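To keep things clear, I will list the structure first and then write my remarks on it.
Every number here is computed from the coordinates shown, using simple stated rules; none is lab data. None of these values were measured; they are calculated from a predicted model. Cβ placement follows ideal geometry from the backbone for every residue including glycine, while neighbour counts extend to all protein chains displayed.
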Amino acid sequence: MDNAKGRFGIYGGQYIPETLMNAGIELDEAYTHFKDDPTFQKELTALLNEYAGRPSGLYFAKKMTEDLGGAKIYLKREDLNHTGSHKINNVLGQALLAKKMGKTRLIAETGAGQHGVATATAAALLDMECVVFMGEEDTKRQALNVYRMKLLGADVVPVKTGTATLKDAVSEAMREWSSRIADTHYCLGSVMGPHPFPTIVRDFQSVISREIKAQMLEKEGRLPDAVIACVGGGSNSIGSFYHFINDPQVRLIGCEAAGRGIDTFETAATVNTGRVGIFHGMKSYFCQDEFGQIAPVYSISAGLDYPGVGPEHAWLHDTGRAEYVPITDDEAVEAFEYLSRTEGIIPAIESAHAVAYAMTAAPRADKDQIFVITISGRGDKDCAAIARYRGEDINE
Amino acid sequence: MSKIRSAFENQKAFIPFITCGDPDLETTAKVVRAAAENGADLIELGIPFSDPTAEGPVIQEANIRALAGGVTTDRIFDLVRELRRDVTIPMVFMTYANVVFSYGAERFIGTCEEIGIDGLILPDLPFEEKGEFQDVCDAHDVDLISMIAPTSRNRIAMIAKEATGFIYIVSSLGVTGTRNEIKTDIASMVKIIRENTDTPCAVGFGISTPEQAAKMASYSDGAIVGSAIIKRIAAYGKDAAEPVGAYVREMKNALRGL
């Protein structure tokens with residue numbers, strides 16, 4: 001589905017300054033070489049299994065299933081990975097690749113802080129320098145993760161430009177990469193940006209759907225009817241969808257952050273409210289005004305608070321292979337509380353968007369249907385913010 | 001023949017960059033006229049973008065000021081129509097791919113031809129991705145300006161062979177903004193360019209002093225200055241035309257006789 005230039009239909013591409021072109025080409029060549037290198041794959045698998053704790057469980061959510069009274073619900077427990085989210089899958093792959101390329105320094109953007117923490121972790125493990133760019137607004141929303149990154153030895157640079165959120169952190173990381181290329185790898189955290197990142201990150205995250213498929217066949221002897229995951233840039237969702245794309249009987253459902261609603265300006269639901277554009281290295285859907293100025297977006301979730309979406313999602317949307325549904329802050333917070341209360345699992349507020357969709361769809365589905373929800377991360381980092389949302393002020 | 005070439009016929013070219021609408025379009029018009037009257041050979045007009053990923057802090061802030069003042073692509077087209085009543089030197093737009101793509105490449109570039117814009121610089125559009133814009137530019141006699149960077153190495157010949165208008169040589173790694181020293185071996189880059197094309201080339205990124213401009217232009221066909229001008233506009237606001245004019249005169253004088 002993707003061709004040599006990293007296109008997914010009309011989407012993707014490599015819209016970067018000339019200064020970065022050779023770096024992009026070198027990364028593409030290195031990845032093309034190492035992805036088929038048995039030694040590289042063996043080292044990566046060892047890190048994923050021994051260090052990150054894979055495979056992650058596919059847990060049958062019995063109480064939730066009984067309570068909702070419809071489809072049978074399984075949770076893919078990416079929250080149980082080391083560092084607390086799916087981000088580690090991609091980071092270990094990219095850090096190992098960067099090391100093989102002779103790079104000694106990793107830079108990264110982060111929204112909720114999960115990708116920043118994962119990158120800082122990999123850098124500590126592999127003896128690399130690490131600098132993480134984070135919107136100043138997000139450093140306040142996710143203070144605990146800022147501390148974790150520093151504890152792991154990373155420098156955290158608060159980004160004050162624009163809306164001081166994830167989009168500005170990406171812009172600043174790209175600026176930094178263009179000023180220091182020789183020793184530095186930009187460890188991009190989602191299936192977005194210029195080629196080859198959407199492909200590299202997709203491949204490293206596709207371990208999620210590979211495991212779901214095997215685990216589901218073992219537990220149920222068949223494929224699920226729906227795979228549900230949250231979509232910001234879209235890395236945990238593409239990872240959850242990938243090995244099911246050629247199984248048309250499996251519905252693929254991406255849950256976007258609608259913020260205060262898709263009929264308001266305070267939303268980050270890119271597929272539902274955006275249009276095609278070129279930004280951050282890729283052609284895809286973006287929230288923008290009539291003159292192509294990128295819109296300030298909003299979501300309670302710092303990890304989904306991004307005005308674009310990965311190009312492969314744009315293509316899956318256009319072809320109708322995947323569906324993209326908007327979930328509001330209110331719905332996500334209710335799902336955050338519901339999963340905690342019902343299953344004793346506190347999901348990341350990002351993942352709670354996927355849980356929220358299942359809470360509406362599962363009761364309407366037959367009991368012989370099977371839904372898989374990817375719990376992309378754990379929610380400890382969100383507790384203070386959700387408490388504030390509910391009017392309770394707690395100290396982290 | 002490209003009208004841009006005429007900018008390189010009056011000795012080494014001095015090319016100022018001005019963000020449209022910073023702090024307002026009336027000031028931009030005065031600054032452009034002051035630059036033209038004081039020896040600018042070609043003017044780069046920046047169409048502000050919300051997220052200018054190739055810019056350093058100085059031009060980022062100019063973009064924010066301009067957008068906050070309500071400037072739009074359509075209003076900038078009107079500014080150019082008004083300027084073209086008396087400004088005859090070549091002018092090009094510098095903006096980001098999404099500003100053109102979102103407006104519609106045909107509609108945007110067709111308007112450029114109609115109002116007298118001679119070229120287009122899109123820093124996030126590398127050689128490999130230029131196709132969909134290049135065809136439209138060719139149809140409307142607008143030069144899509146090629147950029148060459150210190151990291152281009154094996155790519156210089158390929159880019160130079162297809163370049164029209166002029167070639168923008170990026171002097172240094174990183175984003176726009178003044179630098180104390182430019183260490184890149186510009187002469188070696190220009191040598192490869194000359195072997196592959198007779199399209200003129202000018203150096204930008206990091207140039208602010210007459211000495212730097214003279215040095216960069218001695219290796220090439222001209223010097224491009226952005227942040228140093230934007231700093232003057234930020235400092236003088238609506239009264240920026242006179243100090244910018246004086247600065248352009250000083251810079252152009254430094255290039256004479258090279």
Modelled FRET efficiency - R0 25 Å, A:Glu26 with A:Glu129, Cβ distances, 0.05 increments: 0.85
Overall form of chain B per C-alpha gyration tensor (a/c, 1.5; a/b vs b/c): rounded
Segment A:239-396: C-alpha gyration tensor shape, a/c 1.5 cut-off, then a/b vs b/c: oblate
Positive dipole terminus of chain B, leading residue within B:Leu258, B:Pro123, B:Ser6 (C-beta point charges): B:Leu258
Which of A:Ala214, A:Gly153, A:Pro248, positive extreme of dipole for segment A:111-256 (C-beta unit charges): A:Pro248
Computed [θ] at 222 nm, helices only, for chain A once each DSSP H run of length n ≥ 4 contributes -39500 (n - 2.57): -12500 deg cm²/dmol
HN-Hα J in Hz across segment B:65-79 - Karplus 6.51, -1.76, 1.60, θ = phi - 60°, x for Gly and Pro: 4, 5, 5, 5, x, x, 6, 10, 4, 4, 5, 6, 4, 5, 4
DSSP-defined beta bridges in chain A - what % are antiparallel, rounded to 5: 30
Neighbour count of at most 15 Cβ within 10 Å plus DSSP loop: longest GluC sites (Glu not before Pro)-free window in chain B: B:10-161
Net charge dipole size for segment A:7-65 [Lys, Arg +1 and Asp, Glu -1 on Cβ; Debye, nearest 20]: 680
Extreme residue, positive dipole direction of segment A:262-352, given options A:Ala302, A:Ile345, A:Cys287 (C-beta unit charges): A:Cys287
17 Å Cα-Cα reach of B:Lys231 towards lysines, excluding residues that sit fewer than 8 places from it in its own chain: B:Lys30
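Which FRET efficiency value, to the nearest 0.05, is calculated for B:Asp141 and B:Lys191 with the Förster distance at 35 angstrom and r the Cβ-Cβ distance?
Result of the calculation: an efficiency of 0.70.
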Karplus-derived HN-Hα couplings along segment B:202-216 (A = 6.51, B = -1.76, C = 1.60, θ = phi - 60°), whole Hz, x at Gly and Pro: 10, 9, x, 5, x, 8, 9, 9, x, 5, 4, 4, 5, 5, 5
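Filter the trypsin sites (Lys or Arg not before Pro) in segment B:190-236 to those in DSSP coil with at most 10 other Cβ atoms within 10 Å of their Cβ, and list the result.
Listed in order of number, the matching sites amount to none.
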Amide H within-cut-off set for A:Thr328, under 5 Å, with H built and near neighbours excluded: A:Ala258
FRET efficiency, A:Glu337 to B:Arg84 (Cβ-Cβ, R0 60 Å, nearest 0.05): 0.45
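Given the pairs B:Lys130/B:Lys161; A:Lys5/A:Lys283; A:Lys72/A:Lys213, which span a C-alpha to C-alpha distance of over 18 angstrom in this model? It would help to have the intermediate numbers written out before the result.
Numbers: B:Lys130/B:Lys161 14 Å; A:Lys5/A:Lys283 12 Å; A:Lys72/A:Lys213 16 Å.
Those over the limit do not exist; all pairs fall within it.
So, with +1 on the Cβ of K and R and -1 on the Cβ of D and E, and no other charges, what is the size of the charge dipole of chain B about its Cα centre, to the nearest 20 debye?
Numbers: 26 positive and 36 negative charges, 174 e Å.
That gives chain B a dipole magnitude of about 840 debye.
When a/c is below 1.5 the answer is rounded, else prolate if a/b is larger than b/c, else oblate, so apply that to segment A:157-294 with a ≥ b ≥ c taken from the square roots of the Cα gyration tensor eigenvalues. If you can, show how the numbers build up before the last one.
On the way: a/c = 2.52, a/b = 1.45, b/c = 1.74.
Oblate.
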Ellipsoid semi-axes in whole angstrom, largest first, where each is sqrt(5λ) of the Cα gyration tensor of the protein assembly as shown: 47, 25, 22
Residue-averaged beta-carbon neighbours from other chains (10 angstrom radius) around B:142-153: 3
21 Å Cα-Cα threshold exceeded, pairs from B:Lys215/B:Lys252; A:Lys103/B:Lys191; A:Lys167/B:Lys183: A:Lys103/B:Lys191; A:Lys167/B:Lys183
A:Ile262 paired with A:Lys42, simple spin-label distance in nm, labels 7 Å along Cα-to-beta-carbon: 4.9
Helix-only mean residue ellipticity at 222 nm for chain B, each DSSP H run of n ≥ 4 adding -39500 (n - 2.57), per residue, nearest 500: -13500 deg cm²/dmol
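In chain A, once you exclude exposed trypsin sites (Lys or Arg not before Pro) (DSSP loop, at most 15 other Cβ within 10 angstrom), what's the longest stretch remaining?
Details: sites that count: A:Lys5, A:Lys160, A:Arg180, A:Arg222, A:Arg260, A:Lys367, A:Arg390.
Here the longest run is A:6-159.
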Simple spin-label estimate for B:Asn180 and A:Thr104 in nanometres, 7 Å along Cα-Cβ: 2.3
Residues in segment B:40-72 reached by a label modelled at B:Glu26 [backbone nitrogen below 18 Å; 7 Å Cα→Cβ]: B:66-72
DSSP beta bridges in segment A:39-148 [antiparallel fraction, %, rounded to 5]: 35
For segment A:261-360, size of Cβ-based charge dipole, Lys and Arg +1, Asp and Glu -1, in debye: 380
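Can you give the extra length, in nm with one decimal, that the chain gains between A:Ala214 and A:Asp318 once fully stretched, where that is 0.36 nm per residue apart less the Cα-Cα distance? Don't skip to the end; give the middle numbers.
Details: separation 104, 0.36 × 104 = 37.44 nm, distance 2.84 nm.
The span from A:Ala214 to A:Asp318 would gain 34.6 nm if fully extended.
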